[in-house]
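Taken together, the values in this text are just the output of simple stated rules run on the coordinates, not laboratory data. All values reported here derive from a predicted model rather than from experimental measurement. Don't worry about glycine lacking a Cβ; one is built from the backbone with ideal geometry, like all the others, and counts go over all protein chains shown.
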Amino acid sequence: MISNGTLELSADPAGIAQAADLLRQGQLVAFPTETVYGLGGDARNGEAVASIYAAKGRPSFNPLIAHVASVESARRFVEWSDQAEALAQAFWPGPLTLVLPLREGHGVSSLVTAGLDTLAVRVPAHPSARAILEMFDGPVAAPSANPSGQISPTTAAHVRAGLDGRIAAILDDGPCGVGLESTIVGLAGESALLRPGGVALDQIEAALGTALHLHQSGDTLTAPGQMLSHYAPDVAVRLNAQTTHGDEILLGFGPVECDLNLSADGNLTEAAANLFAALHKLNSTGRPIAVSPIPDHGLGAAINDRLRRAAAPRDS
Ligand code: TXA
Ligand code: MG
């Protein structure tokens, strides 16, 4: 199916093969991962990577994650370590990204790392993502498939709403299971949590056997996803709301009366999976959004991180 030149591919062998072909040609393909939909391009092809930044309107200083099919493939691009091995064993394939020193002869475009001497790598778990990566047989740079700064996409329809006509294809394989971006752990210096995400901090610390340094604003090594206003709907967002004011619409959590509930049972995994779709939906009403308090443990930390950024004052 074609609309504005953006092909819709299905999650079958023909669709996977076409996605891999387009990537080989330097084209951009949006594909599902277990976290969010990614906007993929060949990480070794500078023009392809430049067109990712252009399609998203992304500031060029914000580096991208290289997605690969396996640990063996990741090790071709970065300096591996015991800590990397422990985390990869525990969580790959899955919603975890590791930032490691680039290895000599890596071949990845410097646009992927935005000139840093480290690379963010991830082996995703989603079957369609894995199939594309295996067939493509190379590193795929993939930020979330949304215009920069806006709400992340957890369905193919979200991707189309933001990027239709600006990318070659979207492979549709339904909604993403985790619904929050990967957790990013920096292992290039002192081990640090650079972004909370789909794997909870306590699980990571348990696998490492040590506590992670938590990013403080002002630290020099940052994941620019930590920019305060991010994941932003067009409408205002107010957090920790017990009731609504004026025209507000309530995004609930747990047993509360509300317009839309992230999880009526108070289940944080379910709430994470529903978060971005709920923000997309409420955003389309044009009404300001009030959000119930969400507990800050487990996946709640990543949910609250995204909500704080959605609620932050905008630069422009
Ligand atoms: O779940 C995910 O991680 C999704 C899916 C598509 O895999 N991708 C994603 O990509 O969230 P993106 O570009 O929206 O966020 C990547 C984050 C950014 O905050 C970026 O600054 C950080 O990773 N990052 C990338 N390379 C880095 C590096 N070398 N050092 C520190 N942070 C890095
Ligand atoms: Mg993003």
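For the chain, set up a Gaussian network in which alpha carbons nearer than 10 Å are linked by springs, and say which option among 245, 126, 158 fluctuates the most.
So, out of 245, 126, 158, the one fluctuating most is 245.
Return the long-range amide H neighbours of residue 40 (sequence gap of 5 or more, or a different chain), with a cut-off of under 5 Å between placed amide H atoms.
HN-HN under 5 Å from residue 40: 29, 30, 31.
Quick one: which of 288-301, 35-48 comes out on top by average Cβ neighbours within 10 Å, and what's the full order, highest first? Spell out each step's value before the answer.
Values: 288-301: 19.2, 35-48: 25.2.
Highest to lowest by the protection proxy: 35-48, 288-301.
Charges only on Cβ, +1 for Lys and Arg, -1 for Asp and Glu: so what's the dipole of segment 2-225 about the Cα centre, in debye to the nearest 20?
Dipole size: approximately 460 debye.
Please state the shape class of segment 1-99: rounded when a/c is under 1.5, otherwise prolate if a/b exceeds b/c and oblate if not, all from the C-alpha gyration tensor.
Prolate shape, in that a/c is at least 1.5 and a/b is the bigger ratio.
Can you give the net charge of the other residues whose Cβ lies under 13 Å from the Cβ of residue 171, counting K and R as +1 and D and E as -1?
Summing Lys and Arg as +1 and Asp and Glu as -1 gives -3.
Which whole-Hz couplings ³J(HN,Hα) result when phi for each residue of segment 62-70 is put into the Karplus expression 6.51 cos²θ - 1.76 cosθ + 1.60, θ = phi - 60°, listed in order with x for Gly and Pro?
9, x, 10, 8, 8, 9, 9, 7, 7
Considering the alpha-carbon set of the chain alone, what are its Rg and its Dmax in angstrom?
According to the Cα coordinates of the chain, Rg and Dmax are 18.7, 59 Å.
Please list 132-141, 260-269 highest first by mean number of surrounding beta-carbon atoms within 10 Å per residue.
Order by mean packing, descending: 132-141, 260-269.
Please list the non-local residues whose amide H lies under 5 Å from the amide H of residue 11, H modeled 1.01 Å from N, same-chain partners needing a gap of 5 or more.
Amide H neighbours of residue 11, under 5 Å, 5+ apart: 172.
For residue 260, enumerate residues with amide H under 5 Å from its amide H, sequence gap 5+ or separate chain, H modeled in the peptide plane.
When sequence neighbours closer than 5 places are left aside, the close amide H contacts are 250, 252.
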